[in-house]
Amino acid sequence: MSISRRNFLKSSAILLPTFASLPMVFRRAVASSMFESGTHTSPYPDRTLVIVQMAGGNDGLNTVIPFTDDRYYDHRSYLAVPEQDVLDLNGELGLHPVLEKMKLLWDEGLLAIVQGVGYPNQSYSHFESMHVWQTADNNGNLEEGWLGRYFQELKSTEDHIFDGLAVGTRRMPFECSAANAPIPVVQNINQYRLKGDNQQRSEALLKLYASSPLRTPYGVLLDNTLDAVYKSSEALQNADKNYSSEIEYPDTSLSKSLKLLAEAIIGGLGVRVGHVTIGGFDTHSDQIVEQPDLLKELSDALYAFYQDLKAANKDQDVLVMTWSEFGRRVKSNGSGGTDHGAAAPMFLIGTPVAGGVYGETPDLRNLDKDNLRFTTDFRSVYSTVLEQWLGASTEAILGDQRFDSIPLLAKNL
């Protein structure tokens, strides 16, 4: 259904009362309506990449554990996971014991672990390091997000509202940001809808709309984005209404976000990239309690998400990738935790992966000021998923520098 100027003027429909709760596609549309879209069309329109941000800097050494290396126990003292509790992967590395569901995925060949991921001249600032990962640039030359640049490369039309979908947040994830390629940002399904319960704001917007000639930026904004807002809200509501699953998700924030993403994917909304976040990994203290809880939430949520997609025969179309802005230092601190560090593992999950461990495990005998030395540039992972999964031009998105691809995807894709 299309909303014309006349139809809009006849209705009292309006978005949620406050500007802060408007879908991001509306808030950023002034900019996007003034630019032309890109010309690249994805060769794999049915594929979805799901990004899981582990915000705060996850301790990779207590996530993928070198349990046969005595130096791990020497450095970690009371924070070290006992060898008998580690979930053995290959006789040398194992998962934290709370990652039982992740171990099930590993046993089925559905989990790829990339070891030693980082970048040159590591920043230990949350803001700076997140910016590096989100822009895919450690030189400060790029301002838009790497996924935002991907969205710009897609041929955006009114039928591709869901090129991207960020769930569980009020703000656009920076890696998804681009001035002329906004995506919907949905905190929860109940808040992403049209409502008609605020007459004063409705009348103000209607007045602005009626007085804006079609050829002006605001006229273009209202003609283009009211239709997009209506369609995206209606599509999500319908996907939620039609969704039926026997998979029981845990009652956690991450699970709720992934469930909504599953509804959109199973509902055929054409999501190319989904984004969710789980925070709290900045474990300077009480790590022995806090990190296991977070890892279990991650593991259980991702397992339910995969099972949901599999039951709907969508698992072959979805690849999950995790990232965190940095790892933690090798030695525990005096407060029951670990401080900001460098290299850490990434997880890639799903039917499309070739399960296994990739990259070089950092050497605990060769540290850089109590930090693990990175052995895999994170942009090698980005390059692999962009080129081999999304079918995108890495040069257009990551620049002229080439990064080695990693054979972590199944060869029969």
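Can you tell me which residue is nearest to the chain's Cα centre (by Cα) among those in region 147-163 that are at pLDDT below 90 and in a loop (DSSP other than H, G, I, E, B)? Don't jump to the end; show me each part of the working.
Restricting attention to region 147-163, the residues satisfying the condition of being at pLDDT below 90 are 152-162.
Next, only the ones that are in a loop (DSSP other than H, G, I, E, B) stay: 155-162.
Details: 155: 21, 156: 20, 157: 23, 158: 23, 159: 22, 160: 19, 161: 18, 162: 14 Å.
That would be 162.
Residue count for region 227-275, restricted to those that are of a type in the set (A, V, I, L, M), assigned to a helix (DSSP H, G or I) and closer than 24 Å to residue 297 by Cα: 8.
Within region 132-144, does at least one residue satisfy the condition of being part of a loop (DSSP other than H, G, I, E, B), surrounded by fewer than 23 Cβ atoms within 10 Å (Cβ to Cβ) and among the small types (Gly, Ala, Ser)?
Keep residues of region 132-144 that are part of a loop (DSSP other than H, G, I, E, B), which gives 136-144.
Okay, now just the ones that are also surrounded by fewer than 23 Cβ atoms within 10 Å (Cβ to Cβ), so 137-144.
Restricting the remaining residues to those that are among the small types (Gly, Ala, Ser) gives 140.
Looking for residues that are part of a loop (DSSP other than H, G, I, E, B), surrounded by fewer than 23 Cβ atoms within 10 Å (Cβ to Cβ) and among the small types (Gly, Ala, Ser), one finds at least one in region 132-144, hence yes.
Of the residues contained in region 364-377, none is found to be over 20 Å from residue 341 (Cα atoms), among the acidic types (Asp, Glu) and surrounded by fewer than 17 Cβ atoms within 10 Å (Cβ to Cβ). Of everything in region 253-302 that is of a type in the set (Val, Ile, Thr) and within 20 Å of residue 390 (Cβ to Cβ), the residue that is nearest to the chain's Cα centre (by Cα) is 276. Restricted to region 388-403, and to residues there that are farther than 30 Å from residue 338 by Cβ and either surrounded by fewer than 17 Cβ atoms within 10 Å (Cβ to Cβ) or over 20 Å from the mean Cα position of the chain (by Cα) (or both), the residue that is modelled with the highest pLDDT is 391. Scanning region 341-350 for residues that are in contact (Cβ under 8 Å) with a residue 60 or more places away in the chain, surrounded by fewer than 22 Cβ atoms within 10 Å (Cβ to Cβ) and in contact with a strand residue (DSSP E or B) (Cβ under 8 Å, 6 or more places away or on another chain) turns up nothing.
Just to be sure I understand, how many residues within region 305-329 are surrounded by fewer than 23 Cβ atoms within 10 Å (Cβ to Cβ) and either free of Cβ contacts under 8 Å to residues at least 60 places away in the same chain or in a loop (DSSP other than H, G, I, E, B) (or both)? Here the count works out to 7. Out of curiosity, is residue 38 touching a strand residue (DSSP E or B) at 6+ places or on another chain (Cβ under 8 Å), modelled with pLDDT under 65 and under 30 Å from residue 387 (Cα atoms)? The answer is yes for residue 38. Given the conditions (1) free of Cβ contacts under 8 Å to residues at least 60 places away in the same chain; (2) farther than 18 Å from residue 99 by Cα, and given that residue 290 satisfies all but one, which numbered condition is not satisfied? Against the list (1) free of Cβ contacts under 8 Å to residues at least 60 places away in the same chain; (2) farther than 18 Å from residue 99 by Cα, residue 290 comes up short only on (2). No other residue among 116, 91, 57 is surrounded by 23 or more Cβ atoms within 10 Å (Cβ to Cβ), assigned to a loop (DSSP other than H, G, I, E, B) and at pLDDT 95 or above apart from 57.
Scanning region 242-297 for residues that are acidic (Asp, Glu) and within 30 Å of residue 76 (Cβ to Cβ) yields 282, 286, 290, 293, 297. Against the list (1) over 16 Å from residue 361 (Cα atoms); (2) among the aliphatic types (A, V, I, L, M); (3) surrounded by 19 or more Cβ atoms within 10 Å (Cβ to Cβ), the condition residue 104 fails is (3). If only residues of region 356-413 that are part of a helix (DSSP H, G or I) and among the aliphatic types (A, V, I, L, M) are counted, the one that is nearest to residue 326 (Cα to Cα) is 381. When residue 187 is tested against (1) modelled with pLDDT under 60; (2) surrounded by fewer than 18 Cβ atoms within 10 Å (Cβ to Cβ), just one condition goes unmet, and that condition is (1).
Residue 112: under 19 Å from residue 345 (Cβ atoms) and among the aliphatic types (A, V, I, L, M), yes or no? Yes.
Please work out which residue is modelled with the lowest pLDDT, limiting yourself to region 260-280 and to residues that are over 20 Å from residue 176 (Cβ atoms) and either buried (at least 22 other Cβ atoms within 10 Å of the Cβ) or in contact with a helix residue (DSSP H, G or I) (Cβ under 6 Å, 6 or more places away or on another chain) (or both). Before you say what the answer is, go through the steps one by one.
Filtering region 260-280 down to residues over 20 Å from residue 176 (Cβ atoms) leaves 266-268, 280.
The next check asks that each one be either buried (at least 22 other Cβ atoms within 10 Å of the Cβ) or in contact with a helix residue (DSSP H, G or I) (Cβ under 6 Å, 6 or more places away or on another chain) (or both); those that pass are 267, 280.
Details: 267: 95, 280: 98.
Checking each candidate, the answer is 267.
The values are calculated or read from the model by the stated rules, or taken from the named source; none is laboratory data. Bear in mind the structure is a predicted one, so any value in this text is a computation, not a measurement. Don't worry about glycine lacking a Cβ; one is built from the backbone with ideal geometry, like all the others, and counts go over all protein chains shown.
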